[in-house]
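Student: Take this structure, written in structure tokens, and hold onto it; I'll ask about it next.
Throughout, read-outs are computed from the coordinates displayed, never taken from laboratory work. Just so we're clear, the structure is a prediction, and the values are computed from it rather than from any experiment. For neighbour counting, all protein chains shown are included, and Cβ atoms are generated from backbone atoms with ideal geometry for every residue, glycine included.
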Amino acid sequence: GIRLEIPFLAAAMDAVSDVDFAVRLSNHGGVAFINLEGLYTRYDDATPIIAQVAAAESGEAAAHVLAEAYAAPVREDLISGLIARVKAQGALAAVATTPASAWDHAELAAAAGADLFLVQSQVSSAHHISTSGRVLSLSDLTGALRLPVLVGNTVSGDAAYQLMQQGA
């Protein structure tokens, strides 16, 4: 298993966790999850976009910048690259994605050497019903990977129990 020296988990948000922060927090005994559907997996350098968001004159203007930025596709090479950069510095590579992208990202993350895989959504349950693409069954996902799978945003004890029965 993975043992943390300090009880800190950093959120899988572009404004919180990037490769450098993930390495620093890991070196201090915590873990930072990197968002596999964020800016760092869409752009070689997300710094200019982050600067535009920070300089925006209103929340609405910042939201517009982000909406345009998130229109760019997620790139597999950037996912593999960021995991490799974290691992090369001896840190835990913890990554997160949404249920709709979990299968594609989990297989890629596992192949790249990720240590932890988080499925996050607004409300999580044992099965994600998809309107397009592959339905996510956590028991299938956890059984297919040699990678610990965590699930975020579970809102009841019953839902948490179901997720644990599924291997999360």
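Student: How much length would be gained if the chain were fully extended between A54 and A11, taking 0.36 nm per residue of separation minus their Cα-Cα distance, in nm to one decimal? Don't skip to the answer; put the middle values down first.
Tutor: Details: separation 43, 0.36 × 43 = 15.48 nm, distance 1.88 nm.
Residue separation times 0.36 nm, minus the Cα-Cα distance, leaves 13.6 nm.
Student: Oh, and also: Would you mind working out the magnitude of the charge dipole of segment 54-106 relative to its Cα centre, with +1 at each Lys and Arg C-beta and -1 at each Asp and Glu C-beta, to the nearest 20 Debye? Walk me through the intermediate numbers first.
Tutor: Working: 3 positive and 6 negative charges, 70 e Å.
In total the dipole reaches around 340 debye.
Student: While we're looking at this one, here's another question. Going by average Cβ neighbours within 10 Å, how do the peptides 95-102, 76-83 rank, with the highest at the top? Walk me through the numbers before you get to the answer.
Tutor: Working: 95-102: 22.5, 76-83: 18.4.
The most tightly packed comes first, giving 95-102, 76-83.
Student: So which trypsin sites (Lys or Arg not before Pro) in segment 42-107 are both in a DSSP loop and have at most 15 other Cβ atoms within 10 Å of their Cβ? Spell out each step's value before the answer.
Tutor: Details: sites: R42, R75, R85, K87; in loops: R42, R75.
Counting only loop positions with at most 15 other Cβ atoms within 10 Å, the trypsin sites (Lys or Arg not before Pro) in segment 42-107 are R75.
Student: May I pose another question? Expressed as a whole number of Å, what is the distance separating the alpha-carbon centroids of segment 69-104 and segment 5-36?
Tutor: Cα centroid to Cα centroid, the span is 13 Å.
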